[in-house]
Structures are given as C-alpha cells and as structure tokens.
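K.L.:
This is the structure I have questions about; it appears just below.
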Amino acid sequence: EAQVTQNPRYLITVTGKKLTVTCSQNMNHEYMSWYRQDPGLGLRQIYYSMNVEVTDKGDVPEGYKVSRKEKRNFPLILESPSPNQTSLYFCASSFGRGEQFFGPGTRLTVL
Amino acid sequence: GNSVTQMEGPVTLSEEAFLTINCTYTATGYPSLFWYVQYPGEGLQLLLKATKADDKGSNKGFEATYRKETTSFHLEKGSVQVSDSAVYFCALSDRYSGAGSYQLTFGKGTKLSVIP
C-alpha cells in the first residue's frame, strides 16, 4: 500500500530534550516536505527536500533541522525543543508538482 | 507573495443541505489549485484539483471551478452527508514560489459538521 508513515504519532517531552520525528514514504517520490498545523494558522511549511541531499527552508524553519540521506526518509529534528513548537506535524511527499500525499501526523507537546 | 483566504467556519449543516465553502487566492504566477480534506485524527487527503482556468475538479460529489477572473476556487456539494464532517483546506501550488519549491500554500481550514 502506497503510504507516508510518521513516528511517533504522539510525543510529550520537556524543553531542551532533543528529539527526532521520522518520516518514510514507499512511493519513490523525489519531493518531501514537513508542515506544522496550528489552530487559526492552517498549515505552514517548515522544510522541504527536492531529492537526496537537497533540502531547503520553508516558511517557519527556526528551531528545526532536517536531513535527506535516502530517498524514502526525511526525518525532522528538534535539537532543543521549546513550548512554542508544540504543534501537529505532517510529512508529505510527491512526484514534483503532483498530488502531495500526507502522513497521519505527529502530535508533539513540549512542556 | 502567495496567499489563500477561505471562510473559517465552523460550518454546521443538516444532512442533504447544500454546501459552499468560499476560497480566494493571490499568486505571483499561474497556480494549480487544490482542496484537501482532513477527517478527525487523520492526515490530509487530496479531494480535488484544477490546474488551469475554467477547469472543474470533482470527486465524491464535491466540485470546484478554477476562476481566474475572480481568483476563486469555491468548493460545493449539492447534498452533504454526516460522513462529510471534516476540515477542508483550500491550497495552491505556484511554480514560481521560489527555487523550484513545490510548496503548497494553505488556507486556514474550514471545519464542517453535518448533523442528521
């Protein structure tokens, strides 16, 4: 089944404790992206990747890092999480400008 | 820059009522337009899309027409069902939004509740 998977689905952590949210897709998509969803703000792009080893900032990259060492994986790294990064995070992938397929989301709470 | 404005809701309708969710956009280039739907506890799914002026996207009884003259892409359904309860997002993808990015620019979402 074609899908985008994210782990964990739910995470509660404390300020400053490094964490990684994994994202994997099995559709051989070149393009992958991370969004965060906040009430009243909709979805905003954090980082994106056009292909392996090619990443760039989206609209709200501060406090996040990404890497793209393999085509299928695109982890989101929070080196020192803060409470304002409490949010619902979505990973997405696509062939170029085609339909973007979204993962099920990761709900992160930073205390 | 690019932006999408949609009615924020929430919208509550009775089953079999007519649905319209308004969406207007601004874009620097010639965007593709999308409606995504998010069911409770799930990720976003593409509902329909249109890539050029006057195109009509349709799926599951929903329709939206790309109106370049009014920069709009309103979502409609003639008869909603309880199972249509979800959050609906209008979005655009503009090939000119920087350095080859395929970024989707989203509206803030409209929560629809359909009651029996």
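Since every read-out is calculated from the coordinates, none of them should be taken as a lab result. Note that the coordinates shown come from a computational prediction; the quantities given were computed from them, not determined experimentally. Note that each Cβ is placed from the backbone with ideal geometry, even for glycine, and that neighbours are counted across all protein chains shown.
K.L.:
Provide a whole-number value for the mean count of partner chain Cβ atoms within 10 Å of the Cβ atoms in peptide B:41-53. Could the numbers behind the result be given before it?
P.N.:
Working: counts 4, 4, 13, 11, 3, 6, 0, 0, 2, 0, 1, 0, 0.
If you average over the peptide's residues, the count of other-chain Cβ atoms is 3.
K.L.:
Taking 2.2 N^0.38 Å as the expected size of a compact globular protein, what ratio does the Cα radius of gyration of region A:1-107 give against it, to two decimals?
P.N.:
0.99
K.L.:
Please compute, for peptide A:100-109, the average count of beta-carbon atoms on other protein chains lying within 10 Å of each residue's beta-carbon.
P.N.:
Average neighbour count from other chains, rounded to a whole number: 3.
K.L.:
Given chain B, what percent of its DSSP beta bridges are antiparallel, to the nearest 5?
P.N.:
Bridges in chain B are about 90 percent antiparallel.
K.L.:
Any idea what the dipole of the protein assembly as shown comes to, in debye rounded to 20, about its Cα centre with Lys/Arg Cβ at +1 and Asp/Glu Cβ at -1?
P.N.:
Dipole of the protein assembly as shown, to the nearest 20 debye: 560 debye.
K.L.:
Whole angstrom only: what separates the Cα centroid of region A:54-111 from the Cα centroid of region B:43-75?
P.N.:
One Cα centre to the other: 27 Å.
K.L.:
With only Lys, Arg, Asp and Glu charged, each at its Cβ (+1 for the first two, -1 for the last two), find how big the charge dipole of chain A is about the Cα centre; round to the nearest 20 debye. All intermediate terms of the calculation are to be shown ahead of the outcome.
P.N.:
Numbers: 13 positive and 10 negative charges, 51 e Å.
My answer is approximately 240 debye.
K.L.:
Return one quarter of the surface area of the convex hull spanned by the alpha-carbon atoms of chain B, equal to its mean projected area, in nm². Can you show the working numbers first?
P.N.:
Values: hull surface 27.4 nm².
Computed as one quarter of the Cα hull surface, the answer is 6.8 nm².
K.L.:
Taking θ as phi - 60°, what are the ³J(HN,Hα) couplings along region A:82-91 by the Karplus curve (6.51, -1.76, 1.60), each to the nearest whole Hz, with x for Gly and Pro?
P.N.:
My calculation for region A:82-91 gives 10, x, 6, 9, 5, 5, 9, 10, 10, 9 Hz in order.
K.L.:
Another question, then. From Cα pairs below 8 angstrom and at least 6 apart in sequence, can you work out the relative contact order of region B:4-116, rounded to a whole percent?
P.N.:
This gives 37 percent for region B:4-116.
K.L.:
Now for a different question. What Cys residues in the protein assembly as shown have no fellow cysteine's beta-carbon under 4.7 angstrom?
P.N.:
That list is empty.
K.L.:
Using only C-alpha atoms and all pairs of different ones, pull out the Kirkwood radius for the protein assembly as shown in Å with one decimal.
P.N.:
18.0 Å
K.L.:
For the pair B:K56/A:E62, report the inter-label distance in nm, with labels modelled 7 Å from Cα in the Cβ direction.
P.N.:
The answer from the label model is 4.6 nm.
K.L.:
Pick out which of A:G40, A:G16, A:G63 has the largest mean-square fluctuation in a Gaussian network model of chain A, springs linking Cα atoms closer than 10 Å.
P.N.:
Looking only at A:G40, A:G16, A:G63, the largest GNM fluctuation is found for A:G40.
K.L.:
Something else: Can you list residues whose amide H is under 5 Å from B:C23's amide H, if they're 5+ apart or on another chain and H is modeled 1.01 Å from N?
P.N.:
Those lying under 5 Å, H to H, from B:C23 are B:F73, B:H74, B:L75.
K.L.:
Using a Gaussian network model of chain B whose springs link C-alpha atoms within less than 10 Å, name the residue from B:F73, B:F62, B:F89 with the highest mean-square fluctuation.
P.N.:
B:F62
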